[in-house]
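Input: a single structure, listed below in structure tokens.
The values are calculated or read from the model by the stated rules, or taken from the named source; none is laboratory data. Keep in mind it's a predicted model, so treat the numbers as computed, not measured. FYI the Cβ positions are ideal-geometry reconstructions off the backbone, even for glycines, and counts take in every protein chain you see.
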């Protein structure tokens, strides 16, 4: 590490702390030449997971898109933004541990529905109605009956 103040190439670490929920390490350093202090951060370099859409297009995984869809499904439900963020964290963790570079959008949708079902059944039904693109009331009723039978 080169000192930004004097250009010397040696320093010592004074303090190390985990930050961002363990996703990075904050290090406080001191230059061995000029004795000025600086802070550095070590982060894990993550590869971008690509999502394969229904029409075979590929686009980067985007938390904001998932959050937007979940927010609509959870509108006027007793679900906090923190709960939604935690749900998206679970999805990201699952995807990163199971898939290397690409994942089909359908897999993300099914995983989302599974986790949303555990969180709030009304939000699940709302999300399912859009995600599964019900063509008529019969398909919608079939999903609701499945939900009711599961709860018995």
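For the structure I just gave you, tell me whether residue 14 is free of Cβ contacts under 8 Å to residues at least 24 places away in the same chain and within 30 Å of residue 100 (Cα to Cα).
The answer is no for residue 14.
Is it the case that region 68-90 has a residue that's over 14 Å from the mean Cα position of the chain (by Cα), more than 30 Å from residue 22 (Cα to Cα) and either modelled with pLDDT under 90 or not in a loop (DSSP other than H, G, I, E, B) (or both)?
Scanning region 68-90 turns up at least one residue that is over 14 Å from the mean Cα position of the chain (by Cα), more than 30 Å from residue 22 (Cα to Cα) and either modelled with pLDDT under 90 or not in a loop (DSSP other than H, G, I, E, B) (or both).
Is there a residue being in a helix (DSSP H, G or I), touching a residue at least 60 places away in the same chain (Cβ under 8 Å) and surrounded by fewer than 16 Cβ atoms within 10 Å (Cβ to Cβ) anywhere in region 113-124?
Of the residues in region 113-124, the ones in a helix (DSSP H, G or I) are 113-119, 121-124.
Filter once more, keeping what is touching a residue at least 60 places away in the same chain (Cβ under 8 Å): none.
No, region 113-124 contains no residue that is in a helix (DSSP H, G or I), touching a residue at least 60 places away in the same chain (Cβ under 8 Å) and surrounded by fewer than 16 Cβ atoms within 10 Å (Cβ to Cβ).
Answer yes if at least one residue in region 43-63 is over 30 Å from the mean Cα position of the chain (by Cα) and assigned to a loop (DSSP other than H, G, I, E, B), and no otherwise.
no
Determine, yes or no, whether residue 148 is at pLDDT 85 or above and either in a helix (DSSP H, G or I) or under 21 Å from residue 53 (Cα atoms) (or both). Give the steps one after another, and end with the answer.
Values: at pLDDT 85 or above: no; either in a helix (DSSP H, G or I) or under 21 Å from residue 53 (Cα atoms) (or both): yes.
Here the answer is no, as residue 148 does not meet what is asked.
One residue is enough: does region 55-63 have a residue meeting the conditions within 20 Å of residue 115 (Cβ to Cβ) and loosely packed, with under 14 Cβ neighbours inside 10 Å? Walk me through how you get there before you give the answer.
Step one: of region 55-63, the residues within 20 Å of residue 115 (Cβ to Cβ) are 61-63.
Among the residues that remain, those that are also loosely packed, with under 14 Cβ neighbours inside 10 Å are: 62-63.
Among the residues of region 55-63, at least one is within 20 Å of residue 115 (Cβ to Cβ) and loosely packed, with under 14 Cβ neighbours inside 10 Å, which makes the answer yes.
If you scan region 21-41, which residues turn out to be in a loop (DSSP other than H, G, I, E, B) and in contact with a strand residue (DSSP E or B) (Cβ under 8 Å, 6 or more places away or on another chain)?
23, 32, 36
So for region 41-52 (the condition being surrounded by 12 or more Cβ atoms within 10 Å (Cβ to Cβ), within 30 Å of residue 129 (Cα to Cα) and free of Cβ contacts under 8 Å to residues at least 12 places away in the same chain), does at least one residue qualify?
No, because not a single residue in region 41-52 is surrounded by 12 or more Cβ atoms within 10 Å (Cβ to Cβ), within 30 Å of residue 129 (Cα to Cα) and free of Cβ contacts under 8 Å to residues at least 12 places away in the same chain.
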